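The structure appears right after this line, and notes come after that.
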Amino acid sequence: MTIKVATIQMISKNKDYDGNRLRAEKSILDAICQGAELILLPELALAGYLYTDDFWDMAEERKGKTYQWQKSLSETHGVYIGHCLLEKEQSDFYDTFLLTGPGQNQVWTHRKIQAPGHESYLFKGAGINSNVFETPIGKIGVVICFDSAKAHTLSSLINGNAQIVLMAYSYPGLPEYFSKKDRSNWVETYRKAPPIYSKYLQAPVVVSNKTGHFSSPLRMGIANFDARFTGGSSIFDKEGNLLMRLAENQAGVLVSEVSLEKQTGSEKNKLYPKGWLLPYSSKNKILMEIIRALGSIRYRFSKKRRLAAAGYPL
């Protein structure tokens with residue numbers, strides 16, 4: 001079985017939900033005009049991306065306004081659309097991947113397994129939860145940004161026998177106060193992830209990331225995270241060969257036909273299901289884990305978080 005898939009690379013502005021939605025919809029319609037049946041948006045494309053508490057203002061219920069918009073497009077045009085929203089449920093926030101299809105009850109969700117680095121101050125990692133969706137067009141696997149770094153994510157896709165993988169990113173480079181070596185490792189490792197997943201799973205991989213400038217204050221005013229999104233939205237075939245890729249600074253849409261044939265390769269059961277998968281530098285790994293640990297503690301005990309989830313202004 002073959003299908004036409006599309007990846008969208010776009011500028012996503014903070015606190016500009018309506019503008020982001022218009023930009024996303026224009027790209028979705030462009031992909032549909034090119035025959036796309038399965039379309040991927042970047043992680044948090046409509047919500048934007050911040051490391052400060054006012055990011056909670058962009059949260060919504062799972063079947064809120066973003067779901068209504070996305071589901072309507074799926075039904076109107078007969079396509080499948082994948083996108084991550086900042087979900088609010090009771091007193092918690094999650095980074096939730098939402099896949100909508102054209103039929104009744106064709107909705108699937110997966111929550112980000114870990115909230116990495118500075119994200120851990122703002123939402124809760126859901127732990128291991130199903131990242132393979134049984135859909136009428138095949139078994140669709142999902143990876144949300146930094147979850148790609150850990151072996152348990154790939155192991156879950158292998159166990160679910162994913163026939164295609166959608167990788168949604170909000171992935172900026174590192175600021176210039178990091179060493180050149182660590183900045184290069186950060187970007188190079190991001191580039192290596194899709195073919196690694198494709199070769200292990202023997203399935204096509206679709207990657208969607210943002211483009212443009214990214215800037216956010218960090219905690220306690222210690223610094224400003226100032227960089228550019230790394231772009232590189234791309235489509236790989238089931239052998240890990242690059243079919244198409246957008247440049248870092250290029251907004252646009254890529255559409256390609258890929259095969260969803262079920263594979264039975266011998267590599268599928270050779271992965272140890274714990275620990276780091278991708279070759280980030282030791283410094284980057286240690287720093288990410290330290291920030292994640294501190295952020296998780298702050299998130300757990302944050303009164304602001306509970307007030308924001310209850311709808312009170314901060």
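None of the figures in this text is laboratory data; all of them are computed from the coordinates on show. Computed from a prediction, not measured in an experiment: that's the story for all the values here. All Cβ positions, glycine included, derive from the backbone under ideal geometry; neighbour counts span all protein chains shown.
Full extension of the segment from residue 128 to residue 177, taken as 0.36 nm per residue of separation minus the current Cα-Cα distance, would add 14.3 nm.
Counting Lys and Arg as +1 and Asp and Glu as -1, what is the net charge of the other residues whose Cβ lies under 10 Å from the Cβ of residue 214?
Values: positive: 210, 228; negative: 226.
Combined, the nearby Lys, Arg, Asp and Glu give +1.
Using 0.36 nm per residue and subtracting the Cα-Cα separation, the extra length available between residue 54 and residue 106 on full extension is 15.5 nm.
Pairs with C-alpha atoms separated by more than 26 Å, drawn from the list 274/303; 112/192; 13/199, are 274/303; 13/199. Three semi-axes describe the equivalent ellipsoid of the chain; taken as square roots of 5 times the Cα gyration tensor eigenvalues and ordered largest first, they are 28, 23, 19 Å.
In a shell of Cβ-Cβ distance under 12 Å around residue 254, excluding residue 254 itself, what net charge do Lys and Arg (+1) and Asp and Glu (-1) give?
Details: positive: 4, 245; negative: 30, 257.
Computed value for this residue: 0.
Calculated mean residue ellipticity at 222 nm for the chain: -9000 deg cm²/dmol, from DSSP H runs with n ≥ 4 weighted as -39500 (n - 2.57), summed, divided by the residue count and rounded to 500.
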